[in-house]
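The values are calculated or read from the model by the stated rules, or taken from the named source; none is laboratory data. Since this is a predicted model, take the numbers as computed values, not measurements. Here the Cβ positions follow ideal geometry from the backbone for every residue, glycine too, while neighbour counts run over all protein chains shown.
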Amino acid sequence: MNIANADKFDVDLDRVKAVFICNTPLHVYNALQAANNWGLDTRQCILVLKLISNNLTLDRSLESFVEWKDVVWIDPFPLPPRIKKKGNRKRIIQYRFFKEWQEKLNQAKGCRYVFLCHNRQQENKVIASFVEAKELVWLEDGTLSYFLWQEERVIPPQVRESRKKKNLSSKNPVAKKPVAKKPVAKKPVAKKPVAKKPVAKKPVAKKPVAKKPVAKKPVAKKPVAKKPVAKKPVAAKKSVAKKPVAKRPAVRRK
C-alpha cells in the first residue's frame with residue numbers, strides 16, 4: 001500500500017475497488033501487502049473480518065492499522081450444530097444474520113477485486129460470491145501449504161495412489177467384463193427316511209342340538225270367482241248317403 005503515490009491521482013473515495021476477506025491477523029498483514037502490490041488505496045477498500053469459531057476472537061486493533069473505507073465484522077454462520085433452534089425460529093435467525101452483513105456489502109457489489117484467504121473455509125466463499133467481483137485473488141499465507149506438505153509426508157504414496165484411483169473410478173465408472181462361472185457339480189445328498197409317528201385322533205362328541213318347533217301361520221286363501229265360459233254351438237254333422245254296393249254272383253269251379 002502506497003498512500004503517498006495514491007494521493008497524486010484523483011481518488012474517488014465513494015467507489016469501492018476491492019474487498020479483503022480475512023480470518024486471522026496474518027491475513028490482515030497479507031491484505032496490506034496485496035494492497036501495496038496492486039496499488040490500491042485502502043480508503044477505497046473494505047476489510048471483512050470473518051470469525052471462524054465462537055472460541056476464537058480477533059483484536060479490534062486490526063482495523064486501526066490503516067484507514068479503510070469500511071470494516072465489516074461477521075460472526076460464524078448460524079448453521080447446525082451452532083444453532084439449536086428449529087422450524088421458523090431457525091429460519092428467522094438465519095435471515096436476519098445474512099441480511100445484516102449483506103446490507104453492509106451491497107456497496108461493494110461488482111467491484112474490481114476480491115481478495116480471499118486460501119484456507120478452505122466455505123463461509124468465505126459464500127461472502128466472495130455475494131460480492132460478485134470481476135477478479136478473484138487468493139491470499140496464501142503459508143499455513144495451507146504446510147498442511148498440504150504435512151498430508152503428503154504423513155500419508156504413504158501407496159495410500160494416496162489408491163485414493164486417486166477410487167476417485168477416478170467413481171467419476172468415470174468402467175463397465176466390467178462378464179466373467180463366466182465354472183459349473184460346480186453338486187454332490188448328491190442321500191436323505192434319511194423319517195418315520196412318521198401315528199397320531200391317534202380323539203373322537204369328538206357332537207352335542208345334540210334341539211330344534212325349536214316353528215309355528216306356521218295359517219294363510220287364508222282367497223276365493224277365486226270362476227268366470228262362466230260360453231260354449232260355442234256345434235253345427236249338426238252332415239249325413240252322408242252310402243252308395244249301394246252290387247254283389248257279384250259266385251262262380252263255382254268245376
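Could you please find all residues in the stretch 107-143 being at pLDDT below 90 and assigned to a loop (DSSP other than H, G, I, E, B)? Selection gives His118, Asn119, Arg120, Gln121, Glu140, Asp141, Gly142. Residues that are within 21 Å of Lys125 (Cα to Cα), modelled with pLDDT of 80 or more and not in a strand (DSSP E or B) within the stretch 53-77 comprise Asp75, Pro76, Phe77, listed in sequence order. For the stretch 74-110, filtered to residues that are under 17 Å from Arg43 (Cα atoms) and touching a strand residue (DSSP E or B) at 6+ places or on another chain (Cβ under 6 Å), the residue that is surrounded by the fewest Cβ atoms within 10 Å (Cβ to Cβ) is Lys104. The residues in the stretch 38-52 that are in a loop (DSSP other than H, G, I, E, B) and either among the hydroxyl-bearing types (Ser, Thr, Tyr) or at pLDDT 90 or above (or both) can be counted, and the count is 4.
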